[in-house]
Structure formats: C-alpha cells, structure tokens
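Novice: Got a structure here, written out as structure tokens. Questions coming.
The values are calculated or read from the model by the stated rules, or taken from the named source; none is laboratory data. Everything quoted here is computed from the prediction, not taken from an experiment. Note: accessible area is taken over every heavy atom of the protein model, side chains too, but ligands, DNA and RNA are not part of it. Shrake-Rupley method; radii C 1.70, N 1.55, O 1.52, S 1.80 Å.
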Amino acid sequence: PDNQMEVYLHTYAWASAPNNDFVIMLFRLKNCSRSTISNFYTAYYADWDIHYEYSGGPVWYDKGRYDPTNEWAYMYDSDSPPDMPAYVGLAGLTPLARGSMVDNEEHVYPTGMGWVDTVKYNFMSGAFNITDAESDGKDWSMMLVSGPFTLAPDGETRVVYAILAGDNLTDFENNAEAARDAYTTYVLDVEEENLTPEKPALSVYPNPFNATVRISYRINRETPLELAIYNILGAKVKTLPVENSIGEHSVIWQPQDATSGIYFVRLRVDGNVLTKKMVYLK
C-alpha cells in the first residue's frame, strides 16, 4: 500500500539528578509503503492546563513562550502567589523546523476554528505562528514541529523531544540542556542499533550502574539464543532468562552477590556472539 508509516516510540527516564526532571521521547519513523512519502511534518503537542479559576467563567493563569533560539517552549502559573510554582514544557533534541504557542480559544475548541487537520497543518507549516502566550486570562498550549521530511520506501528517520520541568525559568533551561546532554551521551548508541532492525542487537543501560542494569536485545527470527554475564576473567557468573520471539526484549540484572568491577554481557544467536562491557559500581 501507499502512504503507510510505522512509528516506534522509545522513552528514556532517569531517577537521579541531574537527569530526573525530564523524559526523552524518541520517535522512529519508517516508510512501509511502496512509494516515496514527501514533504511531511511531525509535531509534539502539549496542553498543560496549569491553573484556572471559575467565577462566572474560566479565568486562566497560564502564560508562556516559544524560544526559537533554544528550540524549547515553556509555560508557568502567573498567579501571585502561583498555585504551581514551576515551569513546564517541551524541548527539541533533534533540529526543529519551528515551534509555536497555541491560543486554545481560537484554534482548538469547537467554538473557535476547532482542532482539525487543516489547523494543525497550518501550525506545522508555519502559516500560523505565535511566539508569546502572555495574554491575561487565556488558555494556551504549545507545539514543536520537525520536518519537512522525505522518505523513500523502507527509509527511516527519527525525531526526539523532551518533556521537562523546572522550579523556575533558569532551572527549566538547565534541565533542557541536561536532556540534550543525556540524549547525546546515553541514547544515541542504543538508537543507532535500532535504525538497523534487520540485525540482532544488544545494549545495556545505565552504564556504569550501581544497583540494577537493563539488558536489551533484539532478534529478527525465532532461534535458540543464550544471554549470560561474565566477569573480567571470562568466568560465567549468571545465565539470564530470554525470550526467543521476534522483536525487542529486555531483562533486569541485579548483581546482589557480585563485587564491583567490569563485567561482560554476551548474546549468542545464530552462531554469532554480541558482547557489551558493563561497569558495576557498588
């Protein structure tokens, strides 16, 4: 069929600072049709509804801005004192085409234009664009846009966004930069393997680790396999449970009785051995 697109979502989150105030959302797009799909956009849309009061009608305290230089958008509670003293929003981790704030009363609700495909496309293509959402008493949302893309049959690309928050604007900005650092430092190696799904793959995260490590693997056909942990001397310390169905799988290793140091995880599949080094820090 023509114009068929598969979308794979990978999410990454961390439990400790400085990476515990954001979630990375990575979308892999694959053209599964028999013809090239040309000049299409993707967008991430968020409506936060931070703070409103009702007195004969809703009064909103949401305000915000899209920053084209830094390619992020934020919103905050403008009440004094604010009910929610935080800045929340989105940041592009891969290059953006544009971003915009969205006037919900005009562009989203049925009483306005309505959030139909043509309105969405006008924001994505840049026909509609609002940088500042600073009007008192109005309800706002936001959108970050990537593209336009052109994909040949079986072609792939990816777009990456972060959902994040900060105690104030400076904290929000610092967390956005931390998300970009985390994407570059931790996520790219895993995703480079994901862009070649016809090959078996093996990855570990986090690395180094101090309590548990997630070991992920992918196989392209049902086949016998073994997943095992070895110490630096080459001795097997643990054989992990596996699933041999087609696709991506993961297992958690908790080295409760192991000593700190270097370990290797090995995936034996189809006569091949894939190995990843891990560093365990108690």
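Novice: Which order do 248, 71 take when ranked by solvent-accessible area (1.4 Å probe, heavy atoms of all protein chains), largest first?
Specialist: 248, 71
Novice: A further question follows. As a check on your grasp of the helix formula, calculate [θ] at 222 nm for the chain: sum -39500 (n - 2.57) over DSSP H runs of n ≥ 4, divide by the residue count, round to the nearest 500.
Specialist: Here the helix-only value at 222 nm equals -3500 deg cm²/dmol.
Novice: Let me have the relative contact order for the chain, percent, based on Cα pairs under 8 Å that are six or more residues apart.
Specialist: 18 percent
Novice: Length gain on complete extension for the stretch residue 240 to residue 8, per 0.36 nm per residue less the alpha carbon to alpha carbon distance?
Specialist: 80.9 nm
Novice: Skip the ligands, DNA and RNA, and give the accessible area per residue of the stretch 126-192 with a 1.4 Å probe, whole Å².
Specialist: 42 Å²
Novice: Rounded to two decimals, what is the ratio between the C-alpha radius of gyration of the chain and 2.2 N^0.38 Å?
Specialist: Cα-based Rg divided by the globular estimate yields 1.21.
Novice: Still on this structure: Can you send over the carbon and sulfur percentage of the accessible area for the chain, probe radius 1.4 Å, protein chains only?
Specialist: Of the solvent-accessible surface of the chain, carbon and sulfur hold 49 percent.
Novice: Would you tell me the accessible area of residue 63, worked out with a 1.4 angstrom probe on the heavy atoms of the protein chains, in Å² to the nearest 10?
Specialist: 30 Å²
Novice: Using Cα pairs closer than 8 Å and at least 6 residues apart in sequence, work out the relative contact order for the stretch 2-121, in percent.
Specialist: Reported relative contact order: 14 percent.
Novice: I would also like to ask the following. To the nearest 10 degrees, how steeply does helix 169-182 sit against the main Cα axis of the chain, on a 0 to 90 scale?
Specialist: On a 0 to 90 degree scale, this one is about 30.
Novice: Give me the accessible area per residue for the stretch 203-282, probe 1.4 Å, as a whole number in Å².
Specialist: Each residue of the stretch 203-282 exposes 57 Å² on average to a 1.4 Å probe.
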